[in-house]
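Q: Here it is, the structure in full.
Any read-out appearing in this document is the output of simple, stated calculations on the displayed coordinates, not a laboratory observation. Note that the structure is a prediction, hence the values are computed from the model and not measured. Note that we place each Cβ from the backbone using ideal geometry, even for glycine, and neighbour counts take in every protein chain shown.
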Amino acid sequence: MRRVLALVLSGLLAAAVACSGDEKVTTTPASTPAQESPATERPSAAQSPTPSRAPSATVGNTLDLTGTGNGEKLAVTVVRVVDPAGAKNEFSSPEAGMRFVAVQFRLKNTGTAVYKDSPSNGAKVVDTQGQQFDATFEETTAGPNFPGSVTIGPGDTGLGFIIFEVPKASKIAKVQFAMNSGYSTDTGQWNVP
């Protein structure tokens, strides 16, 4: 029986890995603030143009993400990062050696389908060492959390915090978000200054 169970589980794992298709990480903002420069400024003939990389998204930028279903699209903004975020009460304190980080997201449904999901399942923070941390359901003084699940109609917007518990020594470098509880192949990534 154990062999059969192990065989079935390994088959399911292989199928899941094989079906994981075209994964991508979106880091280019949907819109970039205009650079302030004189309209008449032009590069001189002596200057050679250098190829520029697309800017990476940072806190405040919006990324256009797609879900797994037809018509599932969101314009996702990391509005702000509160680090450290204070515990809302004595019952929601971080464990010893840990702290809370609160990330406020704005989710605007730009698709044609209703977005019904648990946003915290698809959110992570990444520290400078590359360690990833999933969301926790604690409350902080940063502001209102997203509820366990949200329903956002086409054209509507949802705003809320997602809370993470991370080691006190970790420096948060990136925030990641993917639709469909993290199963979408389109993951947004923002750099945290």
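Q: Run the reach check for K168 against aspartates and glutamates, Cα to Cα strictly under 20 Å, same-chain hits fewer than 8 apart removed. What comes back?
A: D83, E90, E95, D127, D134, E138, E139
Q: Can you sort E165, E138 by how many other beta carbons sit within 10 Å, fewest first?
A: Details: E165 16, E138 19.
Final ranking by Cβ density, sparse to dense: E165, E138.
Q: Which whole-Hz ³J(HN,Hα) couplings does the range 165-178 yield from phi under the Karplus relation 6.51 cos²θ - 1.76 cosθ + 1.60, θ = phi - 60°, glycine and proline marked x?
A: 10, 10, x, 4, 7, 6, 10, 6, 10, 9, 10, 10, 8, 9
Q: Let me know the charge dipole size of the range 122-183 about its Cα centre in debye, to the nearest 20, where only the beta-carbon of Lys, Arg (+1) and Asp, Glu (-1) is charged. Present the calculation step by step, with values, prior to reporting the outcome.
A: Numbers: 4 positive and 6 negative charges, 51 e Å.
That gives the range 122-183 a dipole magnitude of about 240 debye.
Q: Relative contact order for the range 60-181 using alpha-carbon pairs under 8 Å, separation at least 6, rounded to a whole percent?
A: 31 percent
Q: What lysines could a cross-link reach from K24, if we take a straight Cα to Cα line under 23 Å and drop same-chain neighbours fewer than 8 places away?
A: K73, K108, K116, K124, K174
Q: Still on this structure, I have one more. Rounding to the nearest 20 debye, state how big the charge dipole of the range 60-181 is about its Cα centre with +1 on each Lys and Arg Cβ and -1 on each Asp and Glu Cβ. Could you put the intermediate results ahead of the total?
A: Values: 11 positive and 12 negative charges, 63 e Å.
Dipole size: approximately 300 debye.
Q: Can you tell me which of 143-153, 76-86 comes out highest on packing, and rank the rest after it, using the mean Cβ neighbours within 10 Å?
A: 76-86, 143-153
Q: Among 121-127, 107-113, 155-161, how do they line up by average Cβ neighbours within 10 Å per residue, starting with the highest? Walk me through the numbers on the way to the answer.
A: Numbers: 121-127: 21.1, 107-113: 18.6, 155-161: 15.7.
Averaged packing, sorted descending, gives the order 121-127, 107-113, 155-161.
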